[in-house]
Amino acid sequence: MTELQTGDLLFVGSTTEQFSQMIAQSTQPKAQTINYTHVGIVELADDGVFVLHASPELDSVRQPLNSFLAAQTGNVDLYRLKTSFDFNSVIFKAKTLLGQPYNWSFIASEPGFYCSEFIETAFSVVKNPFKKIAMTFGPDDSILPEWQTYYAKLGLPVPNGEPGTNPNALISNQLERVVRLR
């Protein structure tokens with residue numbers, strides 16, 4: 001296996017699970033063949049290899065790599081930033097986010113974090129390679145019925161067009177895909 005480095009990003013491919021499909025159908029760029037619905041950042045530490053991420057099941061956590069990989073049903077691809085960053089500062093910032101709830105609304109002003117928001121926030125302490133974009137909840141500026149139902153249950157309007165991010169939006173020419181871990 002390729003030698004992991006602190007600051008590597010692990011992108012998880014879409015699955016057949018409904019929530020994953022809702023994200024996949026709303027966020028896959030036309031030019032991108034791989035569709036990701038989750039992301040975490042790698043930390044190599046004295047006590048092991050960890051993935052820091054925000055997940056619906058665990059909230060914002062520091063999870064051992066083996067546990068992270070075992071929990072994923074989609075493919076996991078390792079990406080690395082082409083430019084060097086102060087990854088210790090990024091990891092330090094990510095650790096300050098641990099314990100926060102999962103942000104089910106995907107609205108930045110709401111408590112907690114969703115996965116790509118967690119990553120974008122962790123990188124906010126350096127010259128952030130990740131930028132917020134206008135969120136989409138369906139192809140071609142539409143809103144999928146599943147999202148309308150989802151937000152109706154939350155009692156919130158669909159934040160279509162509001163600033164946010166998603167795993168696919170983090171993929172850019174600043175990252176290189178290194179290897180598929182599983």
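The values are calculated or read from the model by the stated rules, or taken from the named source; none is laboratory data. Predicted, not measured: the structure shown is a model, and the values here were computed from it. Virtual Cβ from ideal backbone geometry, glycine too; neighbours counted across all protein chains shown. We work out accessible area using only protein heavy atoms, side chains counted, and drop any ligands, DNA or RNA first. Shrake-Rupley method; radii C 1.70, N 1.55, O 1.52, S 1.80 Å.
Picking from residues in the range 57-79 that are of a type outside the set (A, V, I, L, M), open to solvent by less than 40 Å² (accessible area, probe 1.4 Å) and touching a residue at least 40 places away in the same chain (Cβ under 8 Å), the one that is farthest from ASP46 (Cα to Cα) is GLY74. Among the residues making up the range 87-102, a single one is in contact with a helix residue (DSSP H, G or I) (Cβ under 6 Å, 6 or more places away or on another chain), open to solvent by 20 Å² or more (accessible area, probe 1.4 Å) and not basic (Lys, Arg): SER89. Of the residues making up the range 124-135, not a single one is in a helix (DSSP H, G or I), surrounded by 15 or more Cβ atoms within 10 Å (Cβ to Cβ) and among the polar types (S, T, N, Q).
Looking at this structure, is SER105 more than 16 Å from ASN168 (Cα to Cα), open to solvent by less than 40 Å² (accessible area, probe 1.4 Å) and part of a loop (DSSP other than H, G, I, E, B)? Considered against the rule, which asks whether it is more than 16 Å from ASN168 (Cα to Cα), open to solvent by less than 40 Å² (accessible area, probe 1.4 Å) and part of a loop (DSSP other than H, G, I, E, B), SER105 comes out as yes. If you go through the range 136-153 and keep only what is within 21 Å of HIS38 (Cβ to Cβ) and exposed (fewer than 14 other Cβ atoms within 10 Å of the Cβ), you end up with just PRO139. CYS115 meets the conditions (1) surrounded by fewer than 19 Cβ atoms within 10 Å (Cβ to Cβ); (2) under 16 Å from ASP8 (Cα atoms) in every case but one. The failed one is (1).
Against the criterion of being touching a helix residue (DSSP H, G or I) at 6+ places or on another chain (Cβ under 6 Å), of a type in the set (Val, Ile, Thr) and modelled with pLDDT under 95, THR33 does not qualify.
Within the range 24-49, restricting attention to residues that are among the hydrophobic types (A, V, I, L, M, F, W, C) and open to solvent by less than 20 Å² (accessible area, probe 1.4 Å), the residue that is farthest from ARG180 (Cα to Cα) is ALA24.
The set of residues in the range 152-174 that are part of a helix (DSSP H, G or I) and either in contact with an Asp or Glu (Cβ under 8 Å, 6 or more places away or on another chain) or touching a residue at least 24 places away in the same chain (Cβ under 8 Å) (or both) comprises LEU154, PRO167, ASN168, ALA169, LEU170.
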